[in-house]
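Just so it is clear, none of the values below were taken in a lab; they were calculated from the coordinates. The shown structure was predicted, so the numbers you read here are calculated from the model rather than taken from an experiment. Cβ atoms come from the backbone with ideal geometry, glycine included; neighbour counts cover every protein chain shown.
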Amino acid sequence: MRIGELAARAGTTTRALRYYETRGLLPARRDGKGHRTYDEGDLRLVRQIRTLQDCGFDLEETRPFVECLRAGHPEGDSCPASLVVYRRKLDELDALIGQLTAVRETVAGQLARAVGVPPLERSREWGRAREALAAESLVPGGPEPLCELGGLEK
């Protein structure tokens, strides 16, 4: 297949494919007329890259997964190097969650202070408010649960 078809089938752009090629993640094969050509294996590589990037992996972090597929493994995460990247990403995400939790607690404390909730009551009031919201979200036809980062949960 040509680059446009690969881009369409993989849900990306030809520009991204050319970039993957320059980074050594996608093979650079050409036909007799000099056009780039790709096969189903290349589609698997690009889909693996896109899936990982959608989960927050940077392009270089996808390399072990791509190499695993190129080595003939059925899945990009069948190789030890891919598992190392997964573990590192989980550690990174856990650290970010910890940071966000601390910031959230600070902001919640500032809000409670600003509206005049006594320090001892802040944690009790917060717990009651969360329980009430959780109960409302279970009522048929009730409000959609809101994501704490500002959007609706899907």
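Annotations for the structure displayed:
- Peptides 44-55, 9-20, 86-97 ranked from most to least packed give 44-55, 9-20, 86-97, packing being the mean of other C-beta atoms within 10 angstrom over each peptide's residues.
- With each label modelled as a point 7 angstrom along the Cα→C-beta vector, the residue 55-residue 30 pair spans 3.6 nm.
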